[in-house]
Amino acid sequence: MYSKMKQSPFEWLSSHWFETFLIVYGLWVFLPYLAPVFMQIGWTGAGRVVYFIYSFFCHQLPERSFFWFGEKTMYSLSEIQTSWQNTIDPFILRKFIGNETMGWKIAWSDRMISFYTSVWFFAILWYPLRRKVKPLSWWSFILLLLPIAIDGGTHMVSDFAGVGQGFRDTNQWLAVLTNNIYPATFYAGDALGSFNSIMRFITGLIAGLAITWLVFPYIYQSQAYNQQLDEKRYAKIIEQIKDQNPRSAG
């Protein structure tokens, strides 16, 4: 009888929360990848709407973004300044979405691709192990968020000097620490494979893991507990019905 009782919309959503998450959050995460597609096929209005909406969730600096349908996957600050505007103002730089020659940028920066997308993929990896994985402790959660806080915070402070002018643009401090054992392209700039690029990917992944490891086990435990309460409540209702209708029990 319990399984046949009609579920309310809230109960249905509660019992299908993970599937709902994958669809709703997945649409939100992957829509920025369609912005360059829209621009390429001529749906410029739809593309610009995507860029505008996600500009509230990401800085979208072009030198820290991937480009599709162009000559290169990523462009340096100097290349963007040459092709568009010679500026170091991040509020102006972020407005550059690309062109027919350079291609069109994804509406997520490389760090946001790593962070937001990893939550979705880590959730898929977590689901088969949901009965075994315990929630991450709060201290471990904070520890895993420190890398993205430090990396993102130092980038923000560095950008106060103007994009391309700060200590995170040259990373001279790292060159001194490592005795310049790596190529100059590793230390300076934001190109794919540079120190800055690698750190944004790694810290985004770690933060995504932390979010998933903390939040999803708690949700699962809460759902399991609520289900037990519902089963007890419905079992009690059934017993009351049987007591009121003793013939039905026979």
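Taking the highest mean first, how do the peptides 113-121, 125-133, 57-65 order by number of other beta carbon atoms within 10 angstrom per residue?
Details: 113-121: 19.9, 125-133: 12.3, 57-65: 22.3.
Ranked by mean Cβ neighbours within 10 Å, highest first: 57-65, 113-121, 125-133.
Report the label-to-label distance for T185 and V49 in nanometres (one decimal), using points 7 Å from each Cα along the Cα→Cβ vector.
With each label placed 7 Å out from Cα toward Cβ, I get 3.9 nm.
If I take every Cα pair under 8 Å that is 6 or more residues apart in region 154-205, average their sequence separation and divide by the length, what percent do I get for the relative contact order?
Working: 44 pairs, mean separation 11.4, N = 52.
Result for region 154-205 is 22 percent.
Could you look at region 52-165 and say what percent of its accessible area is carbon and sulfur, using a 1.4 Å probe and all protein chains?
On the way: 4140 of 6190 Å².
The value for region 52-165 is 67 percent carbon and sulfur by accessible area.
Given H placed on each backbone N at 1.01 Å, which residues far from G103 in sequence or on other chains put an amide H within less than 5 Å of it?
E71
Taking Rh as the Kirkwood radius, which is the inverse of the mean 1/r over Cα pairs, what is the Rg/Rh value for region 74-219? Could you put the intermediate results ahead of the total?
Values: Rg = 17.9 Å, Rh = 17.1 Å.
Checking Rg against Rh, the ratio lands at 1.05.
Cα convex hull of region 1-160: mean projected area in nm², to one decimal? Write out the running numbers ahead of the final one.
Details: hull surface 54.0 nm².
Result: a mean projected hull area of 13.5 nm².
The values are calculated or read from the model by the stated rules, or taken from the named source; none is laboratory data. Keep in mind it's a predicted model, so treat the numbers as computed, not measured. Positions of Cβ are generated from backbone atoms using ideal geometry, with glycine treated the same way; all protein chains shown enter the neighbour counts. Please note that ligands, DNA and RNA were not included when accessible areas were found on the heavy atoms of the full protein model with its side chains. Shrake-Rupley method; radii C 1.70, N 1.55, O 1.52, S 1.80 Å.
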